[in-house]
């Protein structure tokens, strides 16, 4: 279904990002994985994509919050793969704490990575999409951006910002054949959520369980293939944000 397409997945070395990369590879897309620090994990995901699904896959070290570094990385991906057709903005960090006691650097780090990082990626891939009059962007937001979450004012703000970014970009680029959507996961079983195993909000999930990274990847795959859907925020949260 995605044969001949090139997908860039930020934060693709583990968790949700890794499952998204593997899902897109299973559909035939070549995959460029952007990672922040764990080269071995990123190379492992590339190995799965290339050996199991026989697509091209390569890992790139890049701090997505760095405008210049993103520009250079996108240019390198274009040179290596010949183009970019799909962008998945999944890179994200947490620095949890109550607003009254949060350090400025903790607020800035989360906004810079989760929100500005997505903007940087969109800013530097958009010219390629516009030139080809084709492109699909999926931003990984969160139900925290829809509901808010105590102790996560920085994270919730960054994820709410992603939703606004998604809708604005969708309106700006629709006439050029470019779609932009978001997925808002709830409590998904990853390394990042292990520390929240006792979170009382888990008891409020109507479906009664945490989600799996594969289930988020399925939602992303749908949005990548849904040609008449743009500006949408698709919750994958077991109903907690109803």
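Nothing in this text is a laboratory measurement; each read-out follows from the coordinates by a stated rule. As the structure is a computational prediction, the values presented were derived from the model and not from experiment. Positions of Cβ are generated from backbone atoms using ideal geometry, with glycine treated the same way; all protein chains shown enter the neighbour counts.
Estimated purely from DSSP H runs of n ≥ 4, each contributing -39500 (n - 2.57), the mean residue ellipticity at 222 nm for the chain is -13500 deg cm²/dmol once divided by its residues. Dimensions of the range 4-54 from C-alpha coordinates, computed as largest minus smallest value along each principal axis and given longest first, are 28, 18, 15 Å. Taking the Cα atoms only, what angle lies between the long axis of helix 153-173 and the longest principal axis of the chain, rounded to 10 degrees? Here the helix axis deviates by roughly 40 degrees.
Spin-label model, residue 226 to residue 38: label points 7 Å out along the Cα-to-beta-carbon direction sit 2.9 nm apart.
Protection proxy ranking for 212-221, 102-111, 179-188, using the average of other Cβ atoms within 10 Å per residue and placing the highest first: 179-188, 212-221, 102-111. Rg/Rh for the chain (Cα atoms only, Rh after Kirkwood) is 0.95. Listed peptides 75-87, 13-25 appear in the order 13-25, 75-87 once ranked by packing, highest mean of other Cβ atoms within 10 Å at the front.
Principal axis analysis of the Cα atoms in the range 20-148 yields extents of 50, 32, 27 Å, listed in decreasing size. Available extension along the chain between residue 1 and residue 79 is 25.7 nm, counting 0.36 nm per residue and deducting the alpha carbon span.
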